[in-house]
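Working notes for the structure below.
The values are calculated or read from the model by the stated rules, or taken from the named source; none is laboratory data. Fair warning: this is a prediction, and the values are worked out from it, not measured in the lab. Here the Cβ positions follow ideal geometry from the backbone for every residue, glycine too, while neighbour counts run over all protein chains shown. With ligands, DNA and RNA removed, areas are computed over all heavy atoms of the protein, side chains included. Shrake-Rupley method; radii C 1.70, N 1.55, O 1.52, S 1.80 Å.
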Amino acid sequence: MAEKEAKKVPSVPESLLKKRQAYAAAKAKRQKRMLAIKKFRKAQRKLIYARAQAYHKEYRHMYRQEIRMARMARKAGNYYVPAEPKLAFVIRIRGTNGVSPKVRKVLQLLRLRQIFNGTFVKLNKASINMLRIVEPYIAWGYPNLKSVHELIYKRGYGKINKQRIALTDNSLIQKRLGKFGIICMEDVIHEIYTVGKNFKVVNNFLWPFKLSSPRGGMKKKTIHFVEGGDAGNREDQINRLIRRMN
C-alpha cells in the first residue's frame, strides 16, 4: 500500500509546472524592465522641464538686454545698433523653368527643391552670397523666437532612416541627436534659434518645412520686396509671411 502511494502521479504534470515557472520568471523580468523604464521616463521629464525653464529664462534675458542697451544709448544721446543676425529663414516662392544651372544648384544646396519649401540658414559670408544668387526665387529674413517655435512644433519633421517622420515624441529626437546632448523639442528650438555649435547637425535632421500658400496671396513674385513685390530679403517682416503660410 505504501509503495502505491509513493508511485502516485502528481496532480499537475511536470511540463505544465515548468511552463508556469518560466512564465512567472518572464513576467517578473518584464515588470522589472517596465519599472526601470518608468523611472527613466520620470527622470527625463524632470530634466526636460528644467531645461525648458532655463531656456525661457535665457530668452527673456536676451530680450531684456536688447531693450536695456537701446534705452541706455538713447539716454546718452546715441543710437544702439543691434548685433548682426545669425539666423535666416528662407522660403522658395518661384519655380525654376528656364533657370540657369547655377541657380538650380544653389536652390538644391539650400534644400529648396519645391515651391513654398522653407529652411533655416546660418548667416555667414558664403551663405549670404548664395542667397544673393537665388534672390529672385526666394523670400528670406530674420525669424524671431515665436516663428521658430511655431514652425518646429507645427510643421517639424525629422529625417529618420531617410524618411520624413513627424516629431510627435521626444524619444525620436533623443535617438538621433542624444549623442549631441539634444533630447527634446526645446533643445532643437534652442539650438536653431541661438545658432549653437550643433546647428548644422540639428538643421540637417529637420526635414525642409512644407508650408502652405500664403493666406491672401502674394503681391508680385518677380519684383523685390523693397519695390512692393515678394522676392528677396525682408528682414523681420519674414515673420508676417511665416504667420500667413504656417
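For the chain, adding -39500 (n - 2.57) for each run of n ≥ 4 DSSP H residues and dividing by the number of residues yields -17000 deg cm²/dmol at 222 nm.
Near Ile160, the amide H atoms lying under 5 Å from its own belong to Ile165; only residues 5 or more places off or on other chains count, and H is placed 1.01 Å from N.
On segment 80-134, 55 percent of the accessible area sits on carbon and sulfur atoms, based on a 1.4 Å probe. Excluding ligands, DNA and RNA, the accessible surface per residue across segment 95-177 is 56 Å² with a 1.4 Å probe. Highest GNM mean-square fluctuation among Ser127, Ser15, Ser171, for the chain modelled with Cα contacts below 10 Å: Ser15. For the chain, a crude dipole built from +1 on the beta carbon of Lys and Arg and -1 on the beta carbon of Asp and Glu, taken about the Cα centre, is about 900 debye to the nearest 20.
A 31 angstrom limit on the alpha carbon distance is what I want to check against. Which of Lys102/Lys146; Lys19/Lys175; Lys38/Lys146; Lys122/Lys221 exceed it? Distance filter (> 31 Å) returns Lys102/Lys146; Lys19/Lys175; Lys38/Lys146. Ordering of 34-40, 140-146 by packing is 140-146, 34-40, highest average first (other Cβ atoms within 10 Å, averaged per residue). If we count every other residue with Cβ under 10 angstrom of Phe199's Cβ, Lys/Arg +1 and Asp/Glu -1, where does the sum land? Value of the local net charge: +3. Placing +1 on the Cβ of every Lys and Arg and -1 on the Cβ of every Asp and Glu, with no other charges, gives segment 126-246 a dipole of roughly 420 debye about its Cα centre.
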